[in-house]
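K.L.:
Would you mind keeping the following structure in view while I ask a few things?
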Amino acid sequence: MKWHLIEEFGPESFRVQDDGTLLFEHEYIDKDSLITWMLSCRDKVMVLEPESVREELLQITSEIAKRYVISK
């Protein structure tokens, strides 16, 4: 994800944490665009806050997962 952040937001847009993960902080006015961007990152992103975005992302991904559940 490092290259993704550098290309879109610049090399100063994140901090490398002690565990090697990247902490990216950015303000978005449009929540839909934020969620779309996060989904484009696939499983490489974890939303820390705001809680409302975490909940909406969970709802969206749960609905997607339901479409791919294989009945046995």
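K.L.:
How large a share of the accessible area of the chain, in percent, is made up of carbon and sulfur atoms when the probe is 1.4 Å and the other protein chains stay in place?
P.N.:
Of all accessible area on the chain, carbon and sulfur atoms account for 53 percent.
K.L.:
Between E49 and E7, what FRET efficiency comes out of the Förster formula 1/(1 + (r/R0)^6) with R0 = 30 Å and r the beta carbon distance, rounded to 0.05?
P.N.:
Efficiency for this residue pair is about 0.80.
K.L.:
Then there's this: Ordering I6, I35 by accessible area with a probe of 1.4 Å, largest first, what comes out?
P.N.:
Details: I6 70, I35 5 Å².
Largest to smallest exposure gives the sequence I6, I35.
K.L.:
Could you do me a favour and compute the accessible area per residue for the chain, 1.4 Å probe, result in Å²?
P.N.:
87
K.L.:
Given a cut-off of under 8 Å on Cα pairs at least six residues apart, what relative contact order in percent is computed for the chain?
P.N.:
After rounding, I find 17 percent.
K.L.:
Calculate how steeply helix 31-40 sits against the longest principal axis of the alpha-carbon atoms of the chain, using the helix alpha-carbon long axis, and give the answer as 0 to 90 degrees to the nearest 10.
P.N.:
The angle comes out near 90 degrees.
K.L.:
Next question. Given the peptides 58-69, 43-54, arrange them by the average over their residues of other C-beta atoms within 10 Å, most packed first.
P.N.:
43-54, 58-69
K.L.:
Quick check on the chain: what does the Kirkwood estimate of hydrodynamic radius come out to from the alpha carbon pairs, in Å?
P.N.:
In the chain this quantity evaluates to 13.8 Å.
The values are calculated or read from the model by the stated rules, or taken from the named source; none is laboratory data. Quick caveat, the model's predicted, so the values are computed rather than measured. Note: ideal-geometry Cβ built from the backbone for every residue, glycine included; neighbour counts use all protein chains shown. Protein only, heavy atoms only, side chains kept; ligands, DNA and RNA dropped before computing areas. Shrake-Rupley method; radii C 1.70, N 1.55, O 1.52, S 1.80 Å.
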